[in-house]
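The values are calculated or read from the model by the stated rules, or taken from the named source; none is laboratory data. This structure is a prediction, so every number in the text was calculated from the model and none was measured. Glycine gets a Cβ as well: all are built from the backbone with ideal geometry, and neighbour counts include every protein chain shown. The area values use the complete protein model at the heavy-atom level, side chains included, leaving out ligands, DNA and RNA. Shrake-Rupley method; radii C 1.70, N 1.55, O 1.52, S 1.80 Å.
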Amino acid sequence: MAGNRAQCEVLVIGAGFGGLYAVHRLRTAGFDVQAVEAAGGVGGTWYWNRYPGARCDVESLDYCYTFSTELDEEWDWSERFATQDEVRRYLEFVADRLDLGPAFTFDARIATLRFDERSRTWAAATADGREWEARFVVTAVGALSAPLSPRIPGLDTFEGRVLQTATWPKDVGPDDLAGLRVAVVGSGSSGVQVVPAIADRVAALHVFQRSPNFSVRVAHRGLDEEERAAARAGRDERRRARFTTRTGTALAGSGRSAIGLSDAEWADECERAWDAGYGYAFLSHFTDTGRDLTANARLADFVRGKIRTTVTDPETAERLVPTDHPIGAKRICLDDGYYECFNRDHVALVDLRTAGGLRATPRGLQTDDADYEVDVVVLATGFDAVTGALSRIDLRGPTGEALADRWRDGASSYLGVAVTGFPNLFTVTGPGSPSILVNVVAAIEQHVDWIVDHLEHLRRRGLSRSEATPQAQLWWDEQVAAATELTVHRFAASSWYLGTNVEGKPRRMLAYAGGLDRYRRLAADIARDDYRGFTTC
Ligand code: NAP
């Protein structure tokens with residue numbers, strides 16, 4: 001063991017929802033735990049994504065921890081869908097309240113992780129040479145935390161400013177864009193949030209869209225005291241819902257099939273759901289739109305109709321209407337006035353499907369059709385989702401094999417929390433976990449509880465090595481594939497859920513689509529069965 005290596009039993013990587021809870025649970029269970037975080041503070045994805053308009057699309061009352069009644073009682077959400085700043089402040093509050101800060105080394109991005117079979121320990125190091133050694137590593141590096149910088153030819157010659165939503169500088173607010181000519185590249189969740197947030201201020205706004213997405217209107221509003229009191233009173237029920245619903249949220253949906261309704265009932269129910277502004281939960285308002293193509297088409301048509309009636313120029317409206325995938329097969333977006341922006345004279349859509357290849361010049365962006373002189377280019381171009389943050393670490397198991405190489409032909413794991421060939425490594429929200437398709441905080445709490453329970457199980461038996469078996473991993477891959485086959489995800493042509501947004505990434509579903517409730521039951525069964533599927537010694 002090197003003398004200047006920090007030693008601990010468990011090293012946690014990440015200070016987002018997953019990392020903070022992991023440190024708390026591990027410490028409470030009596031493990032000697034240390035943690036590292038690449039950013040300068042806590043928050044994970046909510047630390048980095050500070051772009052104007054950034055906010056959560058799951059209701060605040062669901063998008064928070066439930067493990068501590070004290071935390072619940074001390075924190076009041078101010079809005080129904082929290083802003084990035086409020087979620088980040090919530091996580092700072094949790095870290096302070098639980099005194100998690102001292103466990104963390106900030107500004108420490110792990111560059112290498114190596115397992116040594118002889119000592120059964122992982123060695124972790126940053127690029128600048130800081131080192132840790134731990135028996136176990138719990139990665140809580142986030143599913144949407146490895147930003148993708150698109151290859152736009154000539155971007156390095158652009159003389160204006162390039163900003164990326166996923167690494168938005170702390171000191172650039174919407175007012176700093178006032179009076180400037182701005183190009184936004186990308187029309188996923190980040191793009192549709194940033195556009196209405198800056199449209200009022202900028203002199204000209206061009207939105208470069210490669211493929212249209214379904215975006216559902218969420219009217220943001222504050223939570224009043226009555227709603228907060230109701231939330232406090234209903235806390236136990238809300239907590240229970242995390243265990244009993246597919247999505248891990250309290251919103252029950254209408255319980256109605258989209259197919260069985262008459263036209264009048266359908267219109268009525270859809271309008272009600274639209275006006276209620278459920279956020280991401282809009283997708284599960286009907287029982288069958290997530291799995292049945294006919295039901296799905298009915299909902300997709302409803303949203304297409306909304307786009308067409310909102311956008312006054314019919315040609316622009318048609319360009320914004322998605323026709324290449326079922327609604328929900330790609331992650332839906334949630335917006336507050338995105339489509340309305342295109343009715344303004346200084347906002348224009350550039351459809352890259354017809355405009356041709358996107359290039360940059362010193363003065364702006366260019367397509368085959370036209371030149372766009374701009375002062376700022378905003379890249380809202382997404383992430384190497386789920387596997388990216390881990391694959392970017394030079395992470396090698398006992399044979400020297402790199403995790404990135406292992407996943408080159410398709411990411412695979414056991415329950416999304418362990419990978420065969422990489423002992424004593426546990427991945428919160430790894431590939432094959434339900435996390436990105438459900439309330440991710442609910443999934444994170446489950447994963448962390450399950451991982452810490454597993455470590456306690458090993459400790460009780462005096463065991464120091466645990467590795468998923470290839471058979472168990474294969475079984476889980478089959479469950480992930482089978483669950484996908486029962487949903488509309490199988491009809492998506494491209495989606496970050498499938499990894500197709502990253503050049504060279506194999507097309508494979510990155511999440512378990514069978515629901516958080518079912519996942520919990522399967523994971524609990526495995527735990528009860530002495531952690532079936534792990535070889536331990
Ligand atoms: P995204 O959904 O992957 O969208 C990226 C966009 O950039 C897409 O429109 C993509 O086009 C486009 N793009 C990528 N490379 C391009 C290129 N070279 N030229 C032109 N266009 C390019 O990424 P995101 O918007 O950051 O969202 C990712 C996920 O983060 C969301 O789905 C959501 O889960 C989460 N998120 C959540 C919230 C929220 O809670 N409200 C907010 C932001 C993000 P194609 O579609 O053609 O690839």
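Things to note:
- Pairs with Cβ under 9 Å, 6+ apart, first in the range 314-329 and at positive phi and in contact (Cβ under 8 Å) with a residue 40 or more places away in the chain, second open to solvent by 10 Å² or more (accessible area, probe 1.4 Å) and of a type in the set (A, V, I, L, M, F, W, C): GLY328/LEU283
- Selection within the range 10-44 - touching a strand residue (DSSP E or B) at 6+ places or on another chain (Cβ under 7 Å) and either part of a helix (DSSP H, G or I) or outside the structural domain of LEU458 (by TED's automatic domain parsing) (or both): GLY19, ALA22, VAL23, LEU26, ARG27
- Within the range 474-493, considering residues that are in contact with a Lys or Arg (Cβ under 7 Å, 6 or more places away or on another chain) and assigned to a helix (DSSP H, G or I), the one farthest from ASP324 (Cα to Cα): THR484
- Considering the range 253-281, and only residues there that are in a loop (DSSP other than H, G, I, E, B), in contact (Cβ under 8 Å) with a residue 12 or more places away in the chain and open to solvent by less than 50 Å² (accessible area, probe 1.4 Å), the residue that is nearest to the ligand (Cβ to nearest atom) turns out to be GLY277.
Each row is one residue, and each column tells you yes or no for (1) touching a residue at least 60 places away in the same chain (Cβ under 8 Å); (2) in contact with a strand residue (DSSP E or B) (Cβ under 9 Å, 6 or more places away or on another chain); (3) open to solvent by less than 30 Å² (accessible area, probe 1.4 Å); (4) within 10 Å of the ligand (Cβ to nearest atom).
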residue: GLU340; (1), (2), (3), (4): yes, no, no, no
residue: ASP345; (1), (2), (3), (4): no, no, no, no
residue: ARG353; (1), (2), (3), (4): yes, yes, no, yes
residue: ALA360; (1), (2), (3), (4): yes, yes, yes, no
residue: GLY364; (1), (2), (3), (4): yes, yes, yes, no
residue: ASP369; (1), (2), (3), (4): no, yes, no, no
residue: GLU373; (1), (2), (3), (4): yes, yes, no, no
residue: VAL376; (1), (2), (3), (4): yes, yes, yes, no
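- Close pairs (7 angstrom Cβ cut-off, 6 or more residues apart or separate chains): closer than 12 Å to GLY188 by Cβ and outside the structural domain of GLU59 (by TED's automatic domain parsing) in the range 207-222, within 10 Å of the ligand (Cβ to nearest atom) and of a type in the set (Phe, Trp, Tyr) anywhere: none
- Given (1) near the ligand (Cβ under 10 Å from one of its atoms); (2) not in a helix (DSSP H, G or I), index of the condition GLU159 fails: (1)
- No other residue among THR139, THR167, THR126, THR157 is within 26 Å of the chain's Cα centre (by Cα) and outside the structural domain of ARG459 (by TED's automatic domain parsing) apart from THR167.
- Test: residue in the range 241-252 that is within 16 Å of the ligand (Cβ to nearest atom), open to solvent by 50 Å² or more (accessible area, probe 1.4 Å), within 14 Å of ASP62 (Cβ to Cβ) and not small (Gly, Ala, Ser): yes
- Residue in the range 412-424 that is in contact with a Lys or Arg (Cβ under 7 Å, 6 or more places away or on another chain), in a strand (DSSP E or B) and without any contact (Cβ under 8 Å) to a residue 60 or more places away in the chain present: no
- Of the strands (runs of 3 or more DSSP E) lying entirely inside the range 70-153, the ones with 1 or more residues being open to solvent by 40 Å² or more (accessible area, probe 1.4 Å) and either more than 16 Å from the ligand (Cβ to nearest atom) or touching a residue at least 24 places away in the same chain (Cβ under 8 Å) (or both) are found at 110-116, 131-139.
- Lone qualifier among VAL303, VAL311 - being in contact (Cβ under 8 Å) with a residue 24 or more places away in the chain, crowded, with 18+ Cβ neighbours inside 10 Å and farther than 18 Å from PHE208 by Cα: VAL303
- So TYR519, is it surrounded by 21 or more Cβ atoms within 10 Å (Cβ to Cβ), of a type in the set (Phe, Trp, Tyr) and assigned to a loop (DSSP other than H, G, I, E, B): no
- Hey, ARG181 among the basic types (Lys, Arg) and either over 26 Å from the mean Cα position of the chain (by Cα) or open to solvent by 20 Å² or more (accessible area, probe 1.4 Å) (or both) or not: yes
- Residue among VAL440, VAL386 that is open to solvent by 10 Å² or more (accessible area, probe 1.4 Å) and in contact with a helix residue (DSSP H, G or I) (Cβ under 8 Å, 6 or more places away or on another chain): VAL440
- Filtered residues of the range 197-221 (kept if modelled with pLDDT of 95 or more and either open to solvent by 40 Å² or more (accessible area, probe 1.4 Å) or away from the ligand (no atom under 14 Å from the Cβ) (or both)): ILE198, ALA199, ASP200, ARG201, VAL202, ALA203, ALA204, LEU205, HIS206, ARG210
- When VAL216 is tested against the conditions (1) touching a helix residue (DSSP H, G or I) at 6+ places or on another chain (Cβ under 8 Å); (2) farther than 26 Å from TRP274 by Cβ, the lone failure is (2).
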